[in-house]
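First comes the structure, then the notes that go with it.
The values are calculated or read from the model by the stated rules, or taken from the named source; none is laboratory data. Quantities reported herein were computed from a predicted structural model and do not represent experimental measurements. Quick reminder, even Gly has a Cβ in these numbers, built from the backbone with ideal geometry, and neighbours come from all protein chains shown.
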Amino acid sequence: MFRDGGGRRAVGMTVGVIGVGRMGAPICANLARAGHRVRVFDVRDDIEDTARAVGAEWGGSAAGAVTGADVLVTVLPGPAEVTAVMDDVLLDALAPGATWIDMSSNTASAAASVRARALARGVGVLEAPMGGGPDDAVAGRLRLFVGGDVALLEQHRPLLSAVADRITHLGGPGTGYTVKLLVNLLWFGQAAATAEALLLGRRAGVDLDVLTETLATSAASSAFIRDDLPALLAGDYLRTFGLDHIHDQLSAVTELARDLGTPHSVAEAVRLLHRRALDRFGPADGELLGVALLEEQAGTTLRTRRTLPD
């Protein structure tokens with residue numbers, strides 16, 4: 001229990017959040033709205049006002065944000081950022097018996113050493129990488145892919161339910177990270193395959209409006225076609241995540257497949273497409289910049305005047 005800025009008593013935990021970007025800021029807002037005391041830090045100096053505007057306190061430093069916190073939540077772009085911030089000083093600043101919940105797009109191998117150091121200090125660990133975009137974060141309807149102890153998840157389910165409406169326990173450590181990477185692989189693969197099909201159909205003389213509507217109501221339909229293709233057809237390349245981080249995630253999938261000895265020729269093709277897109281566009285934001293490269297190679301853009309059927 002703590003007192004808010006107006007001196008009123010509020011029930012909840014003290015939650016330290018590291019990472020207050022497009023996803024982190026609305027997550028902080030929903031945690032504060034649920035009655036938790038939220039202290040935050042981000043390496044960008046201009047984030048302090050944003051943090052205070054969503055009801056969080058500014059920690060001044062990573063350790064300052066998590067000192068005495070019951071829960072540490074990291075919402076960072078990838079493994080390098082998580083590894084850099086999760087040092088021993090940060091872990092030692094947490095309250096006894098605290099829990100670290102990593103909502104970043106991390107990998108099991110990169111997180112393993114940090115997890116071991118946290119557990120050695122009596123800090124519980126859950127991985128909960130997110131599915132969904134900024135609008136979903138604002139609405140509290142993220143999907144969380146959770147790996148770790150199921151009892152620890154149940155302990156923190158009320159807190160996580162403030163930011164997500166679908167929380168799936170996948171298994172032990174590493175499973176949440178892995179499933180999120182697989183979801184991303186399939187999404188980017190579907191985007192590329194759909195774009196190639198549309199470019200080919202258009203070049204063959206099929207009306208693009210008719211083709212997109214037909215695919216959306218056929219056995220070839222997918223979540224990408226139903227939910228995300230309209231944005232592409234309107235000229236939106238979904239500039240919410242960096243192409244460099246996308247390529248890192250796809251590389252993590254192919255590396256895992258090599259390590260485990262499973263076929264990955266399709267995954268490698270998806271990775272190579274995004275490697276070429278990264279070489280072409282640089283580390284720009286755009287989840288569909290791989291498709292933009294295909295459009296450039298075809299000498300045309302995929303644009304339609306109509307929206308897909310509901």
So, Val89, is that one surrounded by fewer than 20 Cβ atoms within 10 Å (Cβ to Cβ) and within 21 Å of Arg44 (Cβ to Cβ) or not? yes
Count - residues of segment 83-113 that are of a type outside the set (Gly, Ala, Ser) and more than 19 Å from the chain's Cα centre (by Cα): 9
State which residue is nearest to the chain's Cα centre (by Cα) when the search covers only segment 11-28 and only residues that are part of a strand (DSSP E or B) and under 10 Å from Ala69 (Cα atoms). Val17
I'd like to know if segment 40-55 contains one or more residues that are surrounded by fewer than 23 Cβ atoms within 10 Å (Cβ to Cβ), modelled with pLDDT of 95 or more and on the phi < 0 side of the Ramachandran plot. no
Quick one: in segment 97-128, which of the residues that are assigned to a loop (DSSP other than H, G, I, E, B) and either in contact (Cβ under 8 Å) with a residue 60 or more places away in the chain or of a type in the set (Val, Ile, Thr) (or both) is farthest from Gly140 (Cα to Cα)? Val123
On the given criteria, is Thr240 touching a residue at least 24 places away in the same chain (Cβ under 8 Å), within 27 Å of Asp135 (Cβ to Cβ) and not hydrophobic (A, V, I, L, M, F, W, C)? yes
